[in-house]
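Inspection log for the structure reproduced underneath, given as structure tokens.
The values are calculated or read from the model by the stated rules, or taken from the named source; none is laboratory data. Fair warning: this is a prediction, and the values are worked out from it, not measured in the lab. Virtual Cβ from ideal backbone geometry, glycine too; neighbours counted across all protein chains shown. Only protein heavy atoms, including side chains, enter the accessible area calculation; ligands, DNA and RNA are left aside. Shrake-Rupley method; radii C 1.70, N 1.55, O 1.52, S 1.80 Å.
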Amino acid sequence: SIVQDHTLFSLYLYLLMIRQLDNTKSKLSLVDLAGSERVNQSNAEGLRAKEAQFINKSLSTLGNVFLSLQNKNSHVPYRDSKLTRLLQGSLGVGARTSVIVTLPPN
């Protein structure tokens, strides 16, 4: 089976404060989104072309999730890709998300 070409690293932090009888948990996710692939321009074939299509689909789904959250839609399409399912807890209400984009100069 073809696996999407994204790297996901999650760090779980647990803080237990004994004197206050309180605890806190956090999750930090770092994701390499691999970049958008132009299948027609790259002349990719076979497995490489399918991989590029999966990358593009998951990036589009991530964009749809951001739009749904921004518009406060009642349905957010987290289930449309593995990436958005894994990031669901990091994208919803109460989560803080930063996106860092690197682009080539051309």
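What is the list of residues in the stretch 76-106 whose amide nitrogen lies under 14 Å from a point 7 angstrom out from the Cα of Val31, following Cα to Cβ? Once the point is set 7 Å along Cα→Cβ of Val31, 77-93, 95-101 turn out to lie under 14 Å by backbone N, inside the stretch 76-106.
For Thr7, the solvent-accessible surface with a 1.4 Å probe is about 90 Å², rounded to the nearest 10. Taking only Cα atoms, what is the 0 to 90° angle, nearest 10, from helix 46-70's long axis to the longest principal axis of the chain? The helix 46-70 is inclined about 40 degrees to the chain. Tell me, what is the FRET efficiency for Gln88 and Asn43 to the nearest 0.05, using R0 = 30 angstrom and their Cβ-Cβ distance as r? Here the calculated transfer efficiency is 0.25. Taking packing as the residue-averaged number of other Cβ atoms within 10 angstrom, the listed peptides 21-32, 42-53 run from highest to lowest as 42-53, 21-32.
Seen from a random direction on average, the alpha-carbon convex hull of the stretch 36-106 projects onto 6.1 square nanometres. Solvent-accessible area assigned to carbon and sulfur over the chain amounts to 52 percent, based on a 1.4 Å probe. Between Ile18 and Ser74, the contour length at 0.36 nm per residue exceeds the alpha carbon distance by 16.2 nm.
So what is the 222 nm mean residue ellipticity for the chain from helices alone, if each DSSP H run of at least 4 adds -39500 (n - 2.57) and you divide by all residues, rounding to the nearest 500 deg cm²/dmol?
Dividing the helical sum by the residues of the chain leaves -10500 deg cm²/dmol.
In this structure Ile18 has an accessible area near 130 Å², from a 1.4 Å probe over the protein heavy atoms.
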